[in-house]
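Notes for the one structure printed next.
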Amino acid sequence: MVVYCPPPSKDIDLHARLDDALATILDLMTQRAARGHVANYIPPLATVDPTKFGIAVALNDGSLHVAGDADEPFSIQSISKVFSLTLALGLTGDALWQRVGREPSGNAFNSIVQLEHEQGIPRNPFINSGAIVVADILLSGRQPRETIGEILRFVRFLADDETISIDPAVASAERATGFRNEALANYMKSFNNLRNHPGPVLGVYYHHCAITMTCRQLACAGRFLASNGRNPLTGRPIVAPERARRINALMLTCGHYDGSGDFAFTVGLPSKSGVGGGILAIVPGTAAIAVWSPGLNTQGNSLLGIEALEILSRHMGWSVF
Ligand code: GLU
């Protein structure tokens, strides 16, 4: 059940209103008995405490507002696909769209069915098959280790935090259980939509999914998408404004797998979820939000994370619609 906060009063300062909303959300979420189910396909995710809840909001004015377990690292999983896509677009520009589509899939994150109909071209860069093609683009001409290092450096640069790391236990568990991702990669290779051998491509993919971040770090890393492609603190451009807009458009239409339409309906913000229970949401022109609650709904998206964003967006009047 969603319990909404009282509507905002215009005369209360934005920061106070936000702190108030975060405190209310934390209180509500802490009390929730139904928290979804943590991902159980690999032991490092299956053993995460389902009572954890953290949220961080990085406003474009440079302020950061946090509540709950906002400084506890978690596995960002598919949220990393936003960062790998951003890097790959920097390498290839729009040529990337000849190998990956831009349509919502309406299917599970690891579905193989559409690939046969669509000749090995994944529907979008945020389902597993699409992110594997993106990893292939990033790998071309480099060693896997260099590519993984480049992705990690990019994320550290965006968050302005050198302590962000990759959890090797998550990366090797992903590989040990990644039979379906292997099937996707091999299938796309058969259509000639991978330039490299599937093994090293999947190595890159598994490692970026295994990046560990806190809500605070993730909100900071997402700021460029909330401020026209620039770091709002330094004014330094990271991507062109048009590219930031397009990444946001893809997050809105494809960021929650086959729950994307419902998320747009209830929350109305570009965002990307991961099976570690994190969600990165963007309020264009205003803020980047990271929320983490490890329990997932049936579509693999954070159950309480979605509810928290629904309450926050209503309370603050934040929506792209
Ligand atoms: N590493 C995960 C997989 O490929 C990503 C899942 C996700 O967060 O959607 O299965």
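The values are calculated or read from the model by the stated rules, or taken from the named source; none is laboratory data. None of the values given here were measured: they were computed from a predicted structure. Cβ: placed from backbone, ideal geometry, glycine included. Neighbour counts: every protein chain shown. Areas reflect the complete protein model, heavy atoms only, side chains present, ligands, DNA and RNA absent. Shrake-Rupley method; radii C 1.70, N 1.55, O 1.52, S 1.80 Å.
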Next item on the list: Please identify every one of the GluC sites (Glu not before Pro) in region 112-205 that sits in a loop by DSSP and has no more than 16 other beta carbons within 10 Å of its own beta carbon.
Entry: Glu118, Glu162
Item checked: Relative contact order computed over region 172-321 (Cα-Cα under 8 Å; 6+ residues apart), in percent -> 17 percent
Margin query: Once ligands and nucleic acids are excluded and a 1.4 Å probe is used, how much of Phe157 is accessible, expressed in Å² to the nearest 10?
Written below: 90 Å²
Check: Quick one: helix 128-139 against the long Cα principal axis of the chain, what's the angle to the nearest 10°, folded into 0 to 90?
Finding: 70 degrees
Notebook entry, point to check: Taking a probe of 1.4 angstrom, what is the accessible area of Tyr205 in Å², to the nearest 10?
Noted result: 10 Å²
Notebook entry, point to check: Could you give the dipole magnitude of region 174-321 about its Cα centre, charging the beta-carbon of Lys and Arg +1 and that of Asp and Glu -1, in debye to the nearest 20?
Noted result: 580 debye
Item checked: Heavy atoms of Tyr187 accessible to a 1.4 Å probe, total area in Å² rounded to 10 -> 70 Å²
Next item on the list: Multiply the residue separation of Asn107 and Asp27 by 0.36 nm, subtract the distance between their alpha-carbon atoms, and state the gained length in nm to one decimal.
Entry: 25.4 nm
Margin query: What is the angle, in °, between the Cα long axis of helix 241-254 and the longest principal axis of the Cα atoms in the chain? Nearest 10 is fine, range 0 to 90.
Written below: 90 degrees
Notebook entry, point to check: Roughly how tilted is helix 179-190, in degrees to the nearest 10 and between 0 and 90, from the longest Cα axis of the chain?
Noted result: 50 degrees
Next item on the list: Could you tell me which of rounded, prolate or oblate describes region 20-104, using a ≥ b ≥ c as the square roots of the eigenvalues of the alpha-carbon gyration tensor, with rounded for a/c under 1.5 and, failing that, prolate when a/b is larger than b/c and oblate otherwise?
Entry: oblate
Margin query: Could you tell me the center-to-center distance, by alpha carbons, between region 55-125 and region 197-274 in angstrom?
Written below: 5 Å
Check: 222 nm [θ] for the chain, helices only, -39500 (n - 2.57) per DSSP H run of 4+, per residue, to 500?
Finding: -14000 deg cm²/dmol
Notebook entry, point to check: For the chain, rounded, prolate or oblate, judged on the Cα gyration tensor with a ≥ b ≥ c (square roots of eigenvalues), a/c < 1.5 rounded, else prolate if a/b > b/c?
Noted result: prolate
Checklist line | Among Ala176, Ala56, Ala221, residue whose mean-square fluctuation peaks in a GNM of the chain (springs only between Cα atoms under 10 Å) | finding: Ala176
Next item on the list: Taking 7 Å along the Cα-to-C-beta vector as the label spot, tell me the Ala34-Thr92 distance in nanometres, rounded to one decimal.
Entry: 4.2 nm
Notebook entry, point to check: In whole percent, how big is the carbon plus sulfur part of the accessible area of region 166-321, probe 1.4 Å, protein atoms only?
Noted result: 53 percent
Notebook entry, point to check: Relative contact order of region 107-170: what whole-number percent is it, with Cα pairs under 8 angstrom and at least 6 residues apart?
Noted result: 17 percent
Note to self: Residues of region 70-84 with the amide nitrogen closer than 17 Å to a label point 7 Å from the Cα of Thr177, along Cα-to-Cβ, please.
What the structure shows: 74-79
Next item on the list: Please calculate how many Å² of accessible area the chain carries per residue, with a 1.4 Å probe and no DNA, RNA or ligand atoms counted.
Entry: 41 Å²
Item checked: Amide H contacts under 5 Å for Gly101, placed H, 5+ residues apart -> Arg123, Asn124
Notebook entry, point to check: What relative contact order, as a whole-number percentage, does the chain give when Cα pairs under 8 Å and 6 or more residues apart are counted?
Noted result: 27 percent
